[in-house]
Amino acid sequence: MRNSWLLGLLAVIGTACDSGAGASSNSPAPARKPLYFDLKGFLDTQASLLSRRKPAVEKLVQLRDGHKETARVARTDWNKELQLFYQADINKAALRGAYAIEPPVAATDGLQQQTYRRKPGIENAVESLTVLSSPQGVREVRATLSQNNALFFSHKDLLLRTNGGLLSTYQVNGVQKLILFDTLRYSAVMRVQL
């Protein structure tokens with residue numbers, strides 16, 4: 001008897017919660033303005049523009065032995081190509097308030113630099129994100145990512161530059177070390193052939 005009363009009460013509460021949720025689900029939740037630079041939106045726009053233009057990409061890669069290889073790629077899936085840069089997005093709900101927003105700094109040629117730095121004690125791979133922009137738009141994005149635990153160490157410096165509002169070059173410099181394996185250093189520079 002006591003259990004059936006408890007189950008009935010839970011059913012009434014559940015129904016009340018469901019009806020309240022149903023009413024709010026009919027009206028869309030207001031979109032939250034990004035707290036930090038909207039890297040995902042910027043990359044989505046670049047991927048869309050480049051997918052329409054279909055430029056070739058020249059890639060220069062340097063691995064452990066210092067040997068450099070160059071390749072020209074005629075077709076590129078830009079969403080996949082920029083995936084590493086998407087990892088530097090700090091506008092996730094779980095990271096809200098996790099980064100200190102440094103005051104904007106005036107740079108040369110009327111450019112402005114804005115840096116977002118991970119606060120102490122925050123566990124996220126992105127250490128910092130710096131955006132150099134002008135009134136015409138983003139000129140450069142730099143990000144530093146690192147991970148360190150008992151089995152694995154990784155550090156990556158990312159750089160992306162635009163020319164005339166369109167991605168022109170991007171590069172990755174990194175080092176990674178797995179326990180019991182040699183350290184791997186790598187560098188890749190890509191130039192968009194417009």
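What is the number of the single condition among (1) in a helix (DSSP H, G or I); (2) in contact with a helix residue (DSSP H, G or I) (Cβ under 7 Å, 6 or more places away or on another chain) that LEU84 does not meet?
Failing condition for LEU84: (2).
Restricting to the stretch 56-72, and then to whatever is free of Cβ contacts under 8 Å to residues at least 12 places away in the same chain and acidic (Asp, Glu), can you tell me which residue is surrounded by the most Cβ atoms within 10 Å (Cβ to Cβ)?
Within the stretch 56-72, the match that is surrounded by the most Cβ atoms within 10 Å (Cβ to Cβ) is GLU69.
Do you know which residues across the stretch 117-146 are of a type in the set (D, E, K, R) and within 16 Å of the chain's Cα centre (by Cα)? Can you show your working first?
As a first pass, look at the stretch 117-146 and keep what is of a type in the set (D, E, K, R): 117-119, 123, 127, 139-140, 142.
ARG117, ARG118, GLU123, GLU127, GLU140, ARG142, listed by residue number.
When ILE90 is evaluated against the numbered criteria (1) hydrophobic (A, V, I, L, M, F, W, C); (2) closer than 30 Å to ARG64 by Cβ; (3) assigned to a loop (DSSP other than H, G, I, E, B), which criterion, by number, is the only one it fails?
Answer for ILE90: the failing condition is (2).
Of the residues GLY97, GLY137, GLY110, only one is closer than 30 Å to ARG53 by Cα, surrounded by fewer than 12 Cβ atoms within 10 Å (Cβ to Cβ) and assigned by TED's automatic domain parsing to the domain that holds LYS54; which? Steps first, answer last, please.
Working: GLY97 fails: closer than 30 Å to ARG53 by Cα; GLY137 fails: surrounded by fewer than 12 Cβ atoms within 10 Å (Cβ to Cβ).
Sole residue among the options that is closer than 30 Å to ARG53 by Cα, surrounded by fewer than 12 Cβ atoms within 10 Å (Cβ to Cβ) and assigned by TED's automatic domain parsing to the domain that holds LYS54: GLY110.
Check LYS68 against each of (1) under 22 Å from the mean Cα position of the chain (by Cα); (2) at pLDDT 90 or above and name the one condition it does not meet.
(1)
The values are calculated or read from the model by the stated rules, or taken from the named source; none is laboratory data. These numbers were taken from a predicted model, which means no experiment stands behind them. When we count neighbours, we look across all protein chains shown, and the Cβ atoms used for this are built from the backbone with ideal geometry, even at glycine.
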